[in-house]
1. Mind checking which lysines have their Cα closer than 21 Å to the Cα of Lys56? Skip sequence neighbours fewer than 8 apart in that chain.
2. List every residue whose amide H lies under 5 Å from the amide H of His42, counting only residues 5 or more places away in sequence or on a different chain, with H placed 1.01 Å from N in the peptide plane.
3. Calculate one ³J(HN,Hα) per residue across segment 32-41 by plugging θ = phi - 60° into the Karplus curve 6.51 cos²θ - 1.76 cosθ + 1.60, and present them in order as whole Hz with x for glycine and proline.
4. On full extension of the chain, what length is gained from Leu20 through Lys39, given 0.36 nm per residue of separation minus the C-alpha to C-alpha distance?
5. Name the residues whose placed amide hydrogens come within less than 5 Å of the amide hydrogen of Leu88, ignoring near sequence neighbours (fewer than 5 apart) on the same chain.
6. Residue-wise, which Karplus ³J(HN,Hα) couplings in Hz belong to segment 44-52, taking 6.51 cos²θ - 1.76 cosθ + 1.60, θ = phi - 60°, and x for glycine or proline?
Amino acid sequence: LRLLPRQRYLRAERAEVSALERKRNVLCCLITRILKVEKQLHIDNLVFRVIDACQKGELGPGLQFPSFCCHSVDVLSCVLHLLNQGYLRRQEERPHVLEY
C-alpha cells in the first residue's frame with residue numbers, strides 16, 4: 001500500500017528554485033553593471049534599462065546571455081535586496097535616485 005505520492009514534485013520545485021536564483025543573480029548583475037557605469041540613476045530609468053537588457057539578452061558589449069522575461073517587480077525586488085546588502089544607496093535629498 002502506497003499512500004504518499006512519488007517525490008517527482010520535489011525535483012521540479014528544486015529546478016524552479018534554481019531557475020529563480022539564476023534569474024535573480026542575472027538581474028542583480030545587470031543592476032550593478034548599469035549603476036557602475038552611470039554612477040547614479042533614477043530608479044524608473046534603472047528599471048527600464050534592466051528590463052530592456054533582459055529582453056535583448058545583453059549584459060554589455062560582447063557579453064550575452066539567454067534573454068528572458070522580467071517585470072518591474074522582479075527588478076525592484078533585486079534593487080531592495082542590493083540596498084539591504086549595502087551595494088546600492090539612495091541619495092538623502094532625492095531618495096528616488098540610486099547610487100552605486
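Computed from the coordinates by the stated procedures, all read-outs in this text should not be read as laboratory data. Quick caveat, the model's predicted, so the values are computed rather than measured.
1. Reachable lysines: Lys23, Lys36.
2. Amide H to amide H, under 5 Å and 5 or more residues apart or across chains, His42 pairs with Leu98.
3. Values per residue, Gly and Pro as x: 5, 5, 5, 6, 5, 6, 7, 6, 8, 7 Hz.
4. Values: separation 19, 0.36 × 19 = 6.84 nm, distance 2.75 nm.
Length difference between fully extended and current span is 4.1 nm.
5. When sequence neighbours closer than 5 places are left aside, the close amide H contacts are Leu83.
6. Calculated HN-Hα couplings, in order: 5, 5, 4, 4, 4, 5, 5, 4, 4 Hz.
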